[in-house]
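Engineer: Quick one: the structure is below, and I'll ask about it shortly.
All of the numbers you see were taken from the coordinates with simple rules; none came from a lab. Remember, predicted model here, so these are calculated numbers, not experimental data. Cβ coordinates were reconstructed from backbone atoms using ideal geometry, including for glycine residues, and neighbour counts include every protein chain displayed.
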Amino acid sequence: MMNRPVMYASRKELDVELKVVEGAIPEDIYGHVFVNSPCGSVNSNGLPFPEKNKDGSFNREYASPIMNGDAYVFRFDFDEAKKVKLKTRLLKTPCYYADLATKKDNPQADPNKYKNFFFRNMGISRISLALGARNELNTALVPFAFEGDTNSRMVATYDVGRPYEIDPVSLEVVTPIGRNTEWLPATPPLLNFPFPLVQSTAHPVFDPVKKIFYTVNFTKSTQTMLSSMEIFEMMLEDEQKVEDKLEELLEKVENGERKESLQKINHFLKNIRLEIKGKPTWWKKILNWILGEVENYINENTKTYDSVYILEWNGQQGKLNKWEVLDENGKAIAIKQCIHQISLTRDYIVLIDSSFKFSIDILVNNPFPNNYTIDRIIRKLISGEMEPFTDVYIVKRADLQTNVSKVKAKKLIKPIPLECVHFTAEYENPNHTIVLHTAHNSAACLAEWLRPYDVSALDGQAIDKDYMGIFALGDMDIGRIGRFEIDAEKAEITKQAIFCEKGNTQNPSQIGANSWGVGLHTFRNIISPTVPTSHIKHIFWQTYGLNRDMLSQFIYNLYADYPNRIIPLSELKELTKKQIPYTLLHIDTSNMKAKQVYVFPNNYNLRSIQFMPKKGEVPTGVEPELHGYIFCTMLIGEGEEPNTKYFNQIWIFDAKDLSKPICKLEHPEMAFTFTLHCTWIPTLGKSSTKYNIPVRDDYNELIKSIIRPKKRKEVQAFFNEFVYPHF
């Protein structure tokens, strides 16, 4: 057991066997659990992002959000009796190697020759001013198996990047899904990034019956984005001057009327060249006019509009099938937040506007996050609360024909009346009835993180440095768990049931069944590559409670007027001071009642959960959905603050008896701070794919489109030397 700070995560690639520290490994447990997680940058060597560089200078990456990190995949193998082996690997995409070549210490690429090729953290995004955005693949893992596949295959995903197939055995990247040119970038194409930022979903879906894979690609209108992308060009010319001018402006407008302040910022960004360079000479005016006319023409013909596309992949070589999704009036759909998750039924695809601000207008809202004055004022002016409801769009799968390029979606006449990040649809839709199981993170901002200048909403003191960059999960109301029945043809909710329980708040250590901080969920055959989830009766939920270290004054102010409020603000503050622990909760969806609950000790942090079926036949009298185990990743804190030390374990529960874990495992080198989504497959085999997007051809297509010859030549030379040799 190793004692570490709360934000510790390792990038060391492991092949080890875990040690049982309590209980025993069940004889009928089997298969392989995969877990995805972010683990810092090429500069940080894991988490946390250090405050100082090796030379003592301030680290620009300090306090970056943990979601902005390379993908580090864990695979736990249960295929040997009484043993659990762990394999971990970083997912190394082309943009990873570009990042590695330009890292701060000992870069492979000459920083003078390739000036501004290096990547920097800009909030949740990691961007190079010369190359574009990292696709970090750190969020989810989705298994699939097309006809003819002898083994389960798998993709790794990210909200702002193409999914990539990875090999389940080696955990190496195999191929992106779709060529670069098949995806619409979220930034105006005029930027000509070889690593374009594309908006997709972290949860694409595979139909195990019809053997089809679906994902989405959406864009937002450039007119609705805060930042003019010309700021990147000006930063390449004189970054310090841009930073100084922007800071000066923001200090002037900070306390003004919000709308007027934003107008002034937008005016500055649209006229940034004039603001930075001043009035040009007469010949510069002529040159700028000529260049401006060329750029205006290109921009008018390539600007980004509101759009949503469904992409379909059948596993075969060739182009993806693609349809633009329009509303019932034939107009483009404008996604306000993001499409973090999609789901499917036998006859429909379900899209939601997720309550997760993981989209380009949030990702690229501040090029100087290390300047706390700029960061604080921009966050104050542009950060809005999540929509307190969820818009749902339903696409009929029968309309997805290869001879058409556009389909219409039905939008729910009245949205789901609560915000939602994660949901699951039952596969069967009898009589056009879609059943959705929903997680409602009420007044919780998963796209916000704790900053160095944040103060606690409870006592006004500075937030503990150990928590810098972690999700700002100071929930501002009690969460809910939902079940909604929808008439797909009428686009109406016909029936709904909500689980919302406070539990024993007088004694939080005995809180019992509750919905404080609804997180991840699992059930038998969740995202299975072979078995559809026809009907879901039993769901296991993570609830993460209330933590006094994570409620900042900023989040408190943002959600003080939350319209769906159940818990008064005064009571919420008192309960947050007391703290409410994590629980593992079992809900029977037939009546939306809690059947079982395990309450974790204080500061025992349940990170990810995964259902694992038991080997063999289901015994008579046992419901199949309870015949299995719940696999949990744990971050455990021991000792009183400020001397709390943390370590990691794996806990295993019997699904039909959550009274206590039946096995606990650990290894001194297993280290994570925040694991995300899991998946399970029964057997392990190498990818049998014949689908492949050649890396050199894929990126050369984009490099050829770079307008400026000098930059095009530099980028081509960089890729030839530092990216392509790895593939």
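Engineer: Residues of segment 75-101 with amide nitrogen under 13 Å from the 7 Å Cα-to-Cβ point of Glu27?
Structural biologist: 81-82
Engineer: Follow-up. Could you tell me the calculated FRET efficiency between Asp561 and Ala717, based on Cβ-Cβ distance and R0 = 60 angstrom, to the nearest 0.05? Walk me through the numbers on the way to the answer.
Structural biologist: On the way: r = 54 Å, r/R0 = 0.90.
The computed FRET efficiency comes out at 0.65.
Engineer: Jot down the per residue volume, in cubic angstrom and as a whole number, of the convex hull over the alpha-carbon atoms of segment 411-492. List each step's numbers first, then the result.
Structural biologist: Numbers: hull volume 9.1 nm³, N = 82.
Each residue corresponds to 111 Å³ of Cα convex hull volume.
Engineer: For segment 469-536, which GluC sites (Glu not before Pro) pass both filters: DSSP loop (anything but H, G, I, E, B) and at most 15 other C-beta atoms within 10 Å? Kindly include the intermediate steps, with their values, before the conclusion.
Structural biologist: Numbers: sites: Glu485, Glu489, Glu492, Glu501; in loops: Glu489, Glu501.
Those that pass, being in a loop and sparsely packed, are Glu489.
Engineer: Within segment 553-661, report the chymotrypsin sites (Phe, Trp or Tyr not before Pro) that DSSP leaves as loop and that have at most 13 other Cβ atoms within 10 Å.
Structural biologist: Sites meeting the loop and neighbour criteria: none at all.
Engineer: State to the nearest 20 debye the size of the charge dipole of the chain about its Cα centre, where the only charges are +1 on K and R beta carbons and -1 on D and E beta carbons. Please report the intermediate quantities before stating the final value.
Structural biologist: Details: 88 positive and 90 negative charges, 231 e Å.
Its charge dipole is roughly 1120 debye.
Engineer: Still on this structure: Of the cross-linked pairs Lys87/Lys690; Lys19/Lys577; Lys87/Lys711; Lys85/Lys357; Lys103/Lys357, which ones have a Cα-Cα span greater than 30 Å in the structure shown?
Structural biologist: Where the Cα-Cα span goes over 30 Å, the pairs concerned are Lys19/Lys577; Lys87/Lys711; Lys85/Lys357.
Engineer: Let me ask something else about it. Val622 to Val531: extension gain in nm, 0.36 nm per residue of separation minus the Cα-Cα distance?
Structural biologist: This chain segment gains 30.8 nm when fully extended.
Engineer: Given an 8 Å cut-off on Cα distances and at least 6 residues of separation, report the relative contact order of segment 588-706 as a percent. Let's see the in-between values first.
Structural biologist: On the way: 147 pairs, mean separation 26.3, N = 119.
RCO, segment 588-706: 22 percent.
Engineer: Sorted by average packing, counted as other Cβ atoms within 10 angstrom per residue and highest first, what order do 408-417, 703-712 take?
Structural biologist: Ranked by mean Cβ neighbours within 10 Å, highest first: 408-417, 703-712.
Engineer: I'd like to know which of Phe213, Trp449, Asn429 lies farthest towards the positive end of the charge dipole of the chain, counting +1 on Cβ of Lys and Arg and -1 on Cβ of Asp and Glu.
Structural biologist: Farthest towards the positive pole: Phe213.
Engineer: Continuing with this model, one more query. Is it possible to state the helix-based mean residue ellipticity at 222 nm for the chain, with each DSSP H run of 4+ residues giving -39500 (n - 2.57), the sum divided by total residues, to the nearest 500 deg cm²/dmol? What is it?
Structural biologist: After summing the helix terms and dividing by the residues of the chain, the value is -5000 deg cm²/dmol.
Engineer: Tell me the angle of helix 569-578 to the major Cα principal axis of the chain, expressed in degrees between 0 and 90 and rounded to the nearest ten.
Structural biologist: The answer is roughly 70 degrees.
Engineer: Expected output is a single nm value to one decimal: the length gained when fully extending between Lys704 and Glu312, i.e. 0.36 nm times separation in residues minus the C-alpha distance. What is it?
Structural biologist: Length gained, Lys704 through Glu312: 138.4 nm.
Engineer: Tell me which residues come under 5 Å, amide H to amide H, from Val216 once H is placed; ignore anything under 5 positions away on its chain.
Structural biologist: For Val216, the qualifying residues are Thr201, Leu311.
Engineer: Which of rounded, prolate or oblate describes segment 345-486 when judged by the alpha-carbon gyration tensor and an a/c cut-off of 1.5? Don't jump to the answer; show the numbers that get you there.
Structural biologist: Working: a/c = 3.37, a/b = 1.97, b/c = 1.71.
Here segment 345-486 falls in the prolate category.
Engineer: Continuing with this model, one more query. Sort Cys95, Cys338 so the one with the fewest other Cβ atoms within 10 Å of its own Cβ comes first. Mind showing how you got there, number by number?
Structural biologist: On the way: Cys95 24, Cys338 27.
Sorted ascending by nearby Cβ count, the order is Cys95, Cys338.
Engineer: Run the numbers on the chain and let me know its relative contact order in percent, using alpha-carbon pairs under 8 Å that are six or more apart.
Structural biologist: Numbers: 1714 pairs, mean separation 123.1, N = 727.
The normalised contact order for the chain reaches 17 percent.
Engineer: How many percent of the alpha carbon pairs in segment 1-112 exceed a separation of 25 Å?
Structural biologist: 36 percent
Engineer: Further, regarding this structure: Can you list which of the trypsin sites (Lys or Arg not before Pro) found in segment 1-75 are DSSP loop residues with at most 11 other C-beta atoms within 10 Å?
Structural biologist: Listed in order of number, the matching sites are Lys54.
Engineer: If I model a spin label at Gln496 and Glu641 as a point 7 Å from the Cα along the Cα→Cβ vector, what separation in nanometres do I get?
Structural biologist: 3.5 nm
Engineer: Skipping prolines and chain starts, which residues have an amide H placed within reach, meaning under 5 Å, of the one on Arg480, given they are 5 or more residues away or on another chain?
Structural biologist: Long-range HN contacts for Arg480: His440, Ser442, Val518.
Engineer: Counting only residues 5 or more places away or on other chains, whose amide H sits under 5 Å from the amide H of Arg120 once H atoms are built in the peptide plane?
Structural biologist: Ile127, Ser128
Engineer: Counting pairwise Cα distances across the chain, what percent come out greater than 44 angstrom? The partial results should precede the final answer.
Structural biologist: Details: 53265 of 263901 pairs.
So the portion of pairs separated by more than 44 Å is 20 percent.
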